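The values are calculated or read from the model by the stated rules, or taken from the named source; none is laboratory data. Given the structure is predicted, the values throughout are model-derived calculations rather than measurements. Cβ placement follows ideal geometry from the backbone for every residue including glycine, while neighbour counts extend to all protein chains displayed.
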Amino acid sequence: MPDVLAIALDSLHQDMGRLDRIATNLANVSTPGYKREVAGARPFADMLGNLGEAAGATPADAPALAPLVMLDGRAATQRSTGRSLDVALTGEGFFEVATDDGPAYTRQGDFRVDARGRLVTAGGQPLVGKGGAEIRLTTSTPVIDGTGTVTEPDAPQGAALPAGQLKIVRFETLAGMHHLGQGLLSAGVNGSVMADGDVRLRQGALENSGVDSMQEMVALMQTMRHAESMQRLAQGYDELMGTAIHKLGDLS
C-alpha cells in the first residue's frame with residue numbers, strides 16, 4: 001500500500017476510536033459519577049517504535065495504533081437527592097469495591113443495602129471498609145459523616161458504635177484506569193488510602209456525570225470533519241495515480 005494511503009488509513013482508524021469514545025460518553029451523560037473518556041493521539045515515540053518493529057518497515061507495513069484513551073479526572077457538579085444511601089465525593093478519591101476479580105473503584109455513590117445487610121453499589125458489589133471488611137447495616141437510614149464513618153442511630157438496639165468507615169483511595173495518576181462496566185473502574189497508579197482529614201463526603205447527594213453533551217457534540221463534529229478530510233485525501237491520491245497511469249499509457 002502506498003505510504004499516503006497507509007497514513008490516511010491510520011488516521012481514519014484513530015478517528016473511529018475517537019468516535020467510539022464520544023458515543024460511550026454520550027451514552028453515560030446521566031450516569032452518576034461517570035468519568036469522561038478522552039481519546040488522544042499516542043506519543044510520537046510510540047509511533048516510531050511501532051514503525052521500527054521490523055527492519056525496513058514503512059508506514060504501509062506498520063499496524064495501526066489505537067488512540068490513547070484517558071479519563072478526565074476533574075470532579076463534576078453535584079445534585080441533592082435527600083436519600084441517606086446516596087453519597088458524593090466532593091474532593092479527590094474513589095470508593096473501593098470488592099469484586100470477584102479483585103478491588104475496583106467508583107465515584108458512583110448511589111448505594112443500597114442488599115439482602116445480606118451489606119452496603120453495596122447499584123450493581124450489587126459490596127463496598128470495602130477502611131479496615132478491609134464489608135460494611136453491614138441493620139437499617140436503610142444510616143448517617144455517613146464527612147470522613148465516611150457510618151453509624152446507625154435508627155438501629156433497633158440503638159447502637160452508637162460505627163458500623164464501619166468507607167475506604168477512600170487516591171491515585172497518583174489516573175493513567176491506565178479504564179471502565180469495567182457497572183460504574184466501576186480499574187486501579188490507577190500508586191493508590192493510597194486517604195487520611196480522614198483529606199476525605200470530603202456529602203451524604204444525600206450524588207456527583208453528576210463528567211460528560212458535557214455540548215462538548216461531546218463539538219468533538220463529534222470535529223472528528224467527522226477530520227475523517228472526511230482523510231477520505232478526500234485518499235480519493236485525491238487515487239485519482240492522481242489513475243491520471244498518471246493513464247498518461248503513461250498514452251506515451252507508450
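Quick look at the values:
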{"read-out": "Count of residues meeting criterion [closer than 23 Å to V69 by Cα and of a type outside the set (S, T, Y)] in region 177-207", "value": "15"}
{"read-out": "Tally, over region 215-252, of residues that are farther than 16 Å from I7 by Cα and either outside any helix (DSSP H, G or I) or under 33 Å from the mean Cα position of the chain (by Cα) (or both)", "value": "12"}
{"read-out": "Test: S186 is closer than 20 Å to Q125 by Cβ and either acidic (D, E) or surrounded by fewer than 16 Cβ atoms within 10 Å (Cβ to Cβ) (or both)", "value": "yes"}
{"read-out": "Subset of region 163-183 (residues that are part of a strand (DSSP E or B) and over 9 Å from the mean Cα position of the chain (by Cα))", "value": "G164, Q165, L166, I168, V169, R170, F171, E172, T173, G181"}
{"read-out": "Positions within region 17-36 being surrounded by fewer than 22 Cβ atoms within 10 Å (Cβ to Cβ) and of a type in the set (D, E, K, R), in sequence order", "value": "D20, R21"}
{"read-out": "Lone unmet requirement of (1) out of contact with any strand residue (DSSP E or B) (no Cβ under 7 Å at 6 or more places or on another chain); (2) under 30 Å from T139 (Cβ atoms); (3) at pLDDT 90 or above for G158", "value": "(3)"}
{"read-out": "Residue ID - surrounded by the most Cβ atoms within 10 Å (Cβ to Cβ), chosen from residues in region 137-162 that are among the β-branched types (V, I, T) and assigned to a loop (DSSP other than H, G, I, E, B)", "value": "T147"}
{"read-out": "Residues (assigned to a loop (DSSP other than H, G, I, E, B) and surrounded by fewer than 21 Cβ atoms within 10 Å (Cβ to Cβ)) located in region 112-136", "value": "D114, A115, R116, G117, A122, G123, G124, Q125, K130, G131, G132, A133"}
{"read-out": "Tally, over region 71-108, of residues that are among the aromatic types (F, W, Y) and in a loop (DSSP other than H, G, I, E, B)", "value": "0"}
{"read-out": "Residues being acidic (D, E) and in a strand (DSSP E or B) - total across region 184-210", "value": "1"}
{"read-out": "Among the candidates G197, G181, residue that is on the phi > 0 side of the Ramachandran plot, modelled with pLDDT of 85 or more and not aliphatic (A, V, I, L, M)", "value": "G181"}
